[in-house]
Amino acid sequence: MINDKAILVGVDGSDASYKATWWAANYAKHAGLTLQIVCAYSLPSYAAVSFDATYTAMGDDNAAHSDAQEILSRAKAIADEQGVEAATLIVTGDPASVFVELSRNYNLIVIGNRGKGGLAERLLGTTSSSLPAYAYCPVVVVPYTDDDGNLMHLNNTITKVAVGADESKWGVKALSIAAAFADSWDAELDVISAVPKIDGVTGSGTDEEHGVMASYLDDLEVRVKPLREEHPNLVINKQLVPGSAVNALTEASHNHDVVIVGSRGRGGFTGLLLGSTSQGLLQHSVSPVYVVPRKYVEAAEQRLDSVPASPADVSPKPIDDIQGVKEVPVPKADASVAHDIESTIDPLHK
């Protein structure tokens, strides 16, 4: 079950989680990775949260398990529609801690956002427990709607990627990952770097402002230059934005297929990703956000000359050693079910 060539996607029966499954399957097919789908539930909050598929009385583990299998069956049908064979897992207990442990074993974890409670709320609810901040592998958060409740269309082919770049080791790692990701799609990469607003200088159009911005551009080019050498065919654009990086990246999500950003874990940029409704990138992005977590970067730094044991260069943990995780083979639902779900989550898909 340890497979650094696999993507893990979490589902809970919500349309948001099915949309995440669609994105994960599409990317797995493109990247030549395998897909594993996990459904998580915990009985104490099960009745209050409720899966979208059916209602289950509190405390009825058999019924909850049956519902989870049905949800996995539907998600498996979505993957099958894109030609991706998926394995299925069930997780009982606290999904946030279990997903962190599972992240040791995967190339990428994908989850949906803006679902009604359920898995998204438990994995993204607070900065202190958020999966994107503490996972051992990168995490992609796929939005279901925009702030006004409008369904967001996801493209089969990624053509434009944005990345938030700064001089921190997290920013540098995110930049490297973004370049490789964009290059794999033959996409264009826009590197966005925020610079502080300087009273009387920023926005003045003076020679002093031009000099300050030129200095920041020079620093940014130093970070970008190795990427141009590593990916000679990749189109890289640089953009300096005075003020908030989160505002700039949220705006970029409107015309980019993916936004990639590094997370410092406690405090730092994580507060901007997840800290409040008014400023959180994950709350307002209308395109998938690819987060490069602190643990992933720190583990990569500790790598010596040995072959990494997992995507995060940390010791993987066998599935059997993670409490509450069980592989459950389920039949995929009828193809018509997948078509119905896809027409609901994204009417533009054909």
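Of the residues in segment 290-333, how many are of a type in the set (D, E, K, R), in a helix (DSSP H, G or I) and at pLDDT below 75?
Of the residues in segment 290-333, 3 are of a type in the set (D, E, K, R), in a helix (DSSP H, G or I) and at pLDDT below 75.
With respect to A135, is the statement that it is at pLDDT below 90, within 14 Å of the chain's Cα centre (by Cα) and more than 21 Å from I345 (Cα to Cα) true?
Yes; evaluated as a whole, the condition is true for this residue.
Any idea how many residues of segment 81-132 are among the charged types (D, E, K, R) and at pLDDT below 70? If you could, list the steps in order and put the result at the bottom.
Step one: of segment 81-132, the residues among the charged types (D, E, K, R) are 81, 85, 94, 101, 104, 114, 116, 121-122.
When the remaining residues are screened for being at pLDDT below 70, the result is 114, 116, 121-122.
Of the residues in that region, 4 qualify.
Can Y41 be described as surrounded by fewer than 19 Cβ atoms within 10 Å (Cβ to Cβ) and modelled with pLDDT under 75?
Details: surrounded by fewer than 19 Cβ atoms within 10 Å (Cβ to Cβ): no; modelled with pLDDT under 75: yes.
Criteria not met by Y41.
Within segment 275-286, does at least one residue satisfy the condition of being part of a strand (DSSP E or B), modelled with pLDDT under 85 and touching a Ser or Thr at 6+ places or on another chain (Cβ under 7 Å)?
The answer is no, given that none of the residues of segment 275-286 is part of a strand (DSSP E or B), modelled with pLDDT under 85 and touching a Ser or Thr at 6+ places or on another chain (Cβ under 7 Å).
The values are calculated or read from the model by the stated rules, or taken from the named source; none is laboratory data. For clarity, every value in this text was computed on a predicted model and none was experimentally measured. Because the Cβ atoms are built from the backbone with ideal geometry, glycine has one as well, and the counts that use them run over all protein chains shown.
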